[in-house]
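Here the structure comes first, spelled out in structure tokens, and everything after it is commentary.
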Amino acid sequence: MKTKAQVLPSDYRKLPDKALVDRYVQRNELAALHLLYERYGHLVYGVCCKYLDGPVAAGDTVRHIFTRLPDDLKQYHVEHFKSWLLRATKNYCVMRLRQAGTPIPPALTATPVAETPNEKNHLTGNEEQVILNRLETALNTLDTAHRQCIDFFYLEKMTISAIATKTGYTTDQVKHHIRKGKHFLRNSIKEMKD
């Protein structure tokens, strides 16, 4: 007999998104993450296909987003998972397009629409644009080594060893550049808010 606090894996499908997010954040239950991917992986792929150049780029972006998801869920307080995930996907698509120097479709910078009547977005299109502009400004102020390693790791989805081979840095140096670059970006964006 299960207690109220226990949920059998077969019962996960009955849980709402928020409960799955909480189960992962509070208990590290990987089954919750797996179910969130099952529910929304196809939607993320659809958004990526709409804005990026072909299914390969879309598939790579989906993998990147869901690879970062465990850390992101623990870093951000996510109330409405579906709208948060779709907004994060659009933001990542914008970043990839800017990185490639591709014109950004107006739909990507438009004010987002709530997914359901009860689901309110916390950021307007203008607020999202401000955040993206801050991120771009902060990225442009990174030194070459930090920027190069961050671009290869997050945008090109290269492994640490592949980055080391391409740049001539050691794997420890690559890790250091990524870690320091992320720290600098976080602080830069924080200072821009104040």
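Among the listed residues Val78, Val21, which satisfies the condition of being part of a loop (DSSP other than H, G, I, E, B) and not polar (S, T, N, Q)? Spell out how you get there, then give the answer.
Numbers: Val21 fails: part of a loop (DSSP other than H, G, I, E, B).
None of the other options fit; the residue is Val78.
Name the single residue, out of those in segment 132-152 being hydrophobic (A, V, I, L, M, F, W, C) and modelled with pLDDT of 70 or more, that is surrounded by the most Cβ atoms within 10 Å (Cβ to Cβ).
Restricting attention to segment 132-152, the residues satisfying the condition of being hydrophobic (A, V, I, L, M, F, W, C) are 132, 135, 138-139, 142, 145, 149-150, 152.
Narrowing the set further to residues that are modelled with pLDDT of 70 or more leaves 135, 138-139, 142, 145, 149-150, 152.
Working: Leu135: 18, Ala138: 19, Leu139: 20, Leu142: 20, Ala145: 17, Cys149: 28, Ile150: 21, Phe152: 21.
Selected residue: Cys149.
Could you check how many residues of segment 47-63 are out of contact with any Leu (no Cβ under 8 Å at 6 or more places or on another chain) and under 21 Å from Leu20 (Cβ atoms)?
The initial filter retains those residues of segment 47-63 that are out of contact with any Leu (no Cβ under 8 Å at 6 or more places or on another chain), namely 48-50, 53-57, 59-60, 62-63.
With the extra rule that they be under 21 Å from Leu20 (Cβ atoms), the set shrinks to 62-63.
Number satisfying all stated conditions: 2.
Are any of the residues in segment 38-48 at pLDDT below 90 and not in a helix (DSSP H, G or I)?
Looking for residues that are at pLDDT below 90 and not in a helix (DSSP H, G or I), one finds none in segment 38-48, hence no.
Anything in segment 37-70 that is open to solvent by 80 Å² or more (accessible area, probe 1.4 Å), hydroxyl-bearing (Ser, Thr, Tyr) and over 26 Å from Pro103 (Cβ atoms)? List them, or say none.
Residues satisfying the conditions are Tyr37, Thr67.
Starting from residues that are within 18 Å of Ile65 (Cβ to Cβ) and free of Cβ contacts under 8 Å to residues at least 24 places away in the same chain, keep the ones in segment 153-191 and report whichever is surrounded by the fewest Cβ atoms within 10 Å (Cβ to Cβ).
Thr159
Taking segment 153-173, which residues are modelled with pLDDT under 80 and part of a helix (DSSP H, G or I)? Can you show your working first?
The initial filter retains those residues of segment 153-173 that are modelled with pLDDT under 80, namely 153-158.
Listed by number, the residues that qualify are Phe153, Tyr154, Leu155.
Consider Val62 carefully, then state whether it is in a helix (DSSP H, G or I) and in contact with a Gly (Cβ under 9 Å, 6 or more places away or on another chain).
Working: in a helix (DSSP H, G or I): yes; in contact with a Gly (Cβ under 9 Å, 6 or more places away or on another chain): yes.
So Val62 fits the description; yes.
Just to be sure before I move on: is His34 open to solvent by 30 Å² or more (accessible area, probe 1.4 Å), without any contact (Cβ under 8 Å) to a residue 40 or more places away in the chain and not in a helix (DSSP H, G or I) in the structure I sent?
It is false that His34 is open to solvent by 30 Å² or more (accessible area, probe 1.4 Å), without any contact (Cβ under 8 Å) to a residue 40 or more places away in the chain and not in a helix (DSSP H, G or I).
Read through the list (1) touching a Pro at 6+ places or on another chain (Cβ under 9 Å); (2) surrounded by 20 or more Cβ atoms within 10 Å (Cβ to Cβ), then give the number of the only condition that Leu73 fails.
(1)
The values are calculated or read from the model by the stated rules, or taken from the named source; none is laboratory data. Fair warning: this is a prediction, and the values are worked out from it, not measured in the lab. No Cβ is skipped: glycine too gets one built from the backbone with ideal geometry, and neighbour counts run over all protein chains shown. Keep in mind that these areas ignore ligands, DNA and RNA; they rest on the heavy atoms of the full protein, side chains included. Shrake-Rupley method; radii C 1.70, N 1.55, O 1.52, S 1.80 Å.
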